[in-house]
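> Below is a structure I'd like to ask you about.
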């Protein structure tokens, strides 16, 4: 047998519980604590932004036209509506029905617009960012274009009617309303029968 190989010297370990040697930290402990707190704040902000973005996305995915119109009625924001016949009434929404929107025009007239004829809603640059994710109001579903005009019939109002064809307005006095038609007496004495389904906008003069 050969001579025994002496054990290699083991590195000295720092005594447990002893003071931490100088240079063990690259930065001051107070500075490290402040940096850690700042990173935690950033991480929390990122998390909260993520949650807000998710909630916003959920809200936007739930948006619908009736909800947006309800928001506009309540806020009384000025709007410009682009309708299927090319008309662009400008005013503030006053009421909402199952198939209509009541718009108080800038000149004071009242415009009853068929909801299905709305192709675009333009808000001013300084308007709030409305999403329209709120549930529809049940009371709005009880009012439609026929019943709204029927309530005004007792006063025999002067009206202008625009239809989907986009031609000239039919002007005169609203005489009567049937199951699916309305009758306008023109100044010339002519009587015009208009199918309700063809009506895009009925504008009534301010009283």
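> Taking the criterion of being surrounded by 16 or more Cβ atoms within 10 Å (Cβ to Cβ), under 23 Å from residue 98 (Cβ atoms) and at pLDDT 85 or above, would at least one residue in the stretch 120-136 satisfy it?
Within the stretch 120-136, one or more residues are surrounded by 16 or more Cβ atoms within 10 Å (Cβ to Cβ), under 23 Å from residue 98 (Cβ atoms) and at pLDDT 85 or above.
> Considering only the stretch 164-207, state which residues are more than 17 Å from residue 84 (Cα to Cα) and assigned to a loop (DSSP other than H, G, I, E, B).
Passing the criteria: 178, 179, 180, 186, 187, 188, 189, 190, 205, 206, 207.
> Using the structure shown, decide if residue 161 is within 29 Å of the chain's Cα centre (by Cα) and closer than 17 Å to residue 89 by Cβ.
Working: within 29 Å of the chain's Cα centre (by Cα): yes; closer than 17 Å to residue 89 by Cβ: yes.
The answer is yes for residue 161.
> Of all residues in the stretch 86-111, count the ones that are under 24 Å from residue 197 (Cβ atoms), in contact (Cβ under 8 Å) with a residue 24 or more places away in the chain and not in a strand (DSSP E or B).
So the count comes out to 7.
> Here's another thing I want to ask about it. Scan the stretch 135-159 and report the pairs whose first residue is farther than 18 Å from residue 194 by Cβ and whose second residue is at pLDDT below 70 and part of a helix (DSSP H, G or I), with Cβ atoms within less than 9 Å and a gap of 6+ or a chain change.
Close Cβ pairs (under 9 Å, with a partner that is at pLDDT below 70 and part of a helix (DSSP H, G or I)) do not exist here.
> If you check residue 201 against the conditions, is it at pLDDT 95 or above and within 15 Å of residue 117 (Cα to Cα)?
Judged against the criteria, residue 201 is a match.
The values are calculated or read from the model by the stated rules, or taken from the named source; none is laboratory data. For clarity, every value in this text was computed on a predicted model and none was experimentally measured. A quick note on method: Cβ atoms are made from the backbone with ideal geometry, for glycine too, and the neighbour counts reach across all protein chains shown.
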